[in-house]
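See structure below.
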Amino acid sequence: MLYALSKSLGSEEGYGEVKACLTSPLAKFVAWALLSALLYHLVAGVRHLIMDMGIGETLEGGRLGSKIIIAVSVVVIVLAGVWIW
C-alpha cells in the first residue's frame, strides 16, 4: 500500500495505474480481508479494555462478551465490505 501511495503521488500516469489496479475485484477482496482482520482486532481490544475496568470478568460475562464481540464484528465487517465494494 505504501508503494501504491508513492506511485500514485509520483505522476498522473502512476495514479491511473494504481487506480486501475485497486479497482479490480481481487484487490478489493484483499483490502476487505485485511480491513476485516483489523476491525475484529479493534473490537476485541475494546472488549479487553472493558474487562480491565472489571466488567465481564466472570465466566458468564466472558461468554456473553464473546458473543457480543462476534456479532458487532460481523456487522462492522459487513459495513466495511459495503464501503469497499
Could you compute the FRET efficiency for residue 13 and residue 84, with r as their C-beta to C-beta distance and R0 at 35 Å, rounded to 0.05?
-> 0.90
In order through the stretch 38-54: 3J(HN,Hα) via Karplus (6.51 cos²θ - 1.76 cosθ + 1.60), integer Hz, x for Gly, Pro | 5, 5, 4, 4, 5, 5, 5, x, 5, 4, 5, 5, 5, 5, 5, 7, x
Alpha-carbon Rg/Rh ratio, for the chain, with Rh computed the Kirkwood way | 1.21
When 36, 6 are ranked with the fewest other C-beta atoms within 10 Å first, the list becomes 6, 36
Asserting the computed 222 nm helical MRE of the chain (DSSP H runs at least 4 long, -39500 (n - 2.57) per run, divided by residue count, to nearest 500) equals -29500 deg cm²/dmol
For helix 12-22, what angle does its Cα long axis make with the longest principal axis of the chain, in degrees from 0 to 90 and rounded to 10?
-> 40 degrees
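Only the coordinates and a few stated rules stand behind these numbers; no lab work does. The structure presented is a predicted model; accordingly, all values stated were derived computationally and were not measured. Every residue, glycine as well, gets a Cβ built from its backbone with ideal geometry; the counts of neighbours run over all protein chains shown.
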